[in-house]
Amino acid sequence: MKVLVTVKEVAAVEDEFQIAGTSIDETYLEYDLNEWDDYAVEEAVQLQEAGIADEVVAVTIGPERSEETIRMALAKGADRAVRIWDDALEGADLLDVGAKTAILEKVVEEEDPDLVLSGVQADDDGFGATGVSLADALGYEWAAVVNHLEQDSVESGTASIRRELEGGVEELTDVELPAVLTIQTGINEPRYASLRGIRQAQRKEIAPKTLDDLGLDAAAVENELTLTDMYEPETESDATYFEGGPDEAAGQLADLLREKGVGAQ
C-alpha cells in the first residue's frame, strides 16, 4: 500500500516587519513545513510503522529553496519526495486551487497511491480547498477535516474515520479507497525529527519535476488570482487600563461600572 502526502513550505513573518507593495522582504520571513501537513505526514508514517503502508511519498509544489523544508518530512519517516516547479509558476503571487489541483492530479496519476493525505489548509493562503478539489478531479472518495483514522480499517480497503462538522458536531463514516483525506491538527502528536532521521533524509530522493515532465503546459496552470494589496490591519481594542494602586484602580473600576449601568436597580 502506498500513501502520498501533499506538503507545503509556508512563510511566517517576524513580530516586526515591513511591507513593500504587495510583498514582505525576505529578511523578515522564516520558512517552515505547514502545520496541518505536519500532522498528515505523521499519520502516514504511523501507517507505515504499523505495517499497513509499504511506502510514504511526499509531494510539494515549490522552488529549490523548499527542499530544505521538505527534507523535514523525509527526516520524520517519508521514504522519498517529489518537488514540482517550473518557470511558468515563478511569477505567481499565490497559486490558486485550480492550478494546484491540475499539478497534483498528474502526480497522483503517476504515483498511483492507495491513500492521499493532505493538511486541511495552509498557514499562508488558508484556502482549505485543495484536498477536496484534488479528490473531485481524480474521482476519488474523500473526507475533510479528519481528526481520527482507524488504522486497521485501511488494510481492508475502507478508511473508517471521524471528522469535524460545524457546530462542534462529529461524523463517523467509512470512505472507500483510493481516497483523499484532509487531516486536522490534533489527530496525532507530530514527532520531532531525530538526528539519525535528519542524516538519513540527506540520502533520500527528492525528484524535481517540471510541468513538461507531468505533461502539462503553462495554460493548464494559468493562475486566476492577482494580489492587489497587502497591509497590516489596524488593531482595535475596547480594553480600559487603570493606573495607580489597588484602591485607586478599584475606585476607577467602580466608577466605570456605574457609568455602564452595571448593578443599577
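The values are calculated or read from the model by the stated rules, or taken from the named source; none is laboratory data. The structure presented is a predicted model; accordingly, all values stated were derived computationally and were not measured. Ideal geometry is used to build each Cβ from the backbone, glycine not excepted, and the neighbour counts take in all protein chains shown. Note: areas computed on protein heavy atoms with side chains; ligands, DNA, RNA excluded. Shrake-Rupley method; radii C 1.70, N 1.55, O 1.52, S 1.80 Å.
Applying the criteria of a DSSP loop state and at most 11 other Cβ atoms within 10 Å to the GluC sites (Glu not before Pro) of the stretch 190-265 yields E205, E224, E234, E236, E243. Label sites at A11 and E111, each approximated as a point 7 angstrom past Cα along Cα to Cβ, lie 2.5 nm apart. One quarter of the surface of the convex hull around the alpha-carbon atoms of the stretch 85-153 equals 5.6 nm², the direction-averaged projected area. Projected label points at T185 and L253, each 7 Å from Cα along the beta carbon direction, are separated by 3.2 nanometres.
Of the GluC sites (Glu not before Pro) found in the stretch 120-161, the ones in coil according to DSSP and having at most 16 other Cβ atoms within 10 Å of their Cβ are E155.
List the lysines whose Cα sits under 17 Å from the Cα of K76, skipping any in the same chain fewer than 8 residues away. Filter leaves K2, K8, K204. For the chain, the carbon plus sulfur part of the accessible surface works out to 44%, probe radius 1.4 Å. Applying a DSSP loop filter and a limit of 10 other Cβ atoms within 10 Å to the trypsin sites (Lys or Arg not before Pro) in the stretch 117-208 leaves R203. Per residue, the stretch 99-192 exposes 47 Å² of solvent-accessible protein surface, assessed with a 1.4 angstrom probe and all protein chains in place. For the stretch 7-122, the calculated P(r), taken from all Cα-Cα distances in 5 Å bins from zero up to the bin holding the longest distance, is 2, 10, 19, 22, 20, 12, 7, 4, 2, 0, 0 percent. Exposed loop positions in the chain were taken to be chymotrypsin sites (Phe, Trp or Tyr not before Pro) whose DSSP state is not H, G, I, E or B and which have at most 14 other beta-carbon atoms within 10 angstrom. Between these positions, the longest stretch is 18-191.
In the set (1) 27.6; (2) 20.8; (3) 14.3, the label that goes with mean projected area of the Cα convex hull in nm² computed for this structure is (2). Solvent exposure of the stretch 1-61 amounts to 44 Å² per residue of accessible area, where only protein heavy atoms count and the probe is 1.4 Å. Note that the stretch 131-252 carries a Kirkwood radius of 20.7 Å, evaluated over its alpha carbons pair by pair. A simple spin-label model places pseudo-atoms 7 Å from Cα toward Cβ; at E224 and D136 they are separated by 1.0 nm.
Here the stretch 224-265 yields Rg over Rh of 1.41, to two decimals, using C-alpha coordinates and the Kirkwood radius. Based on the Kirkwood approach, the hydrodynamic radius assigned to the stretch 73-198 is 16.1 Å, with every pair of different Cα atoms included.
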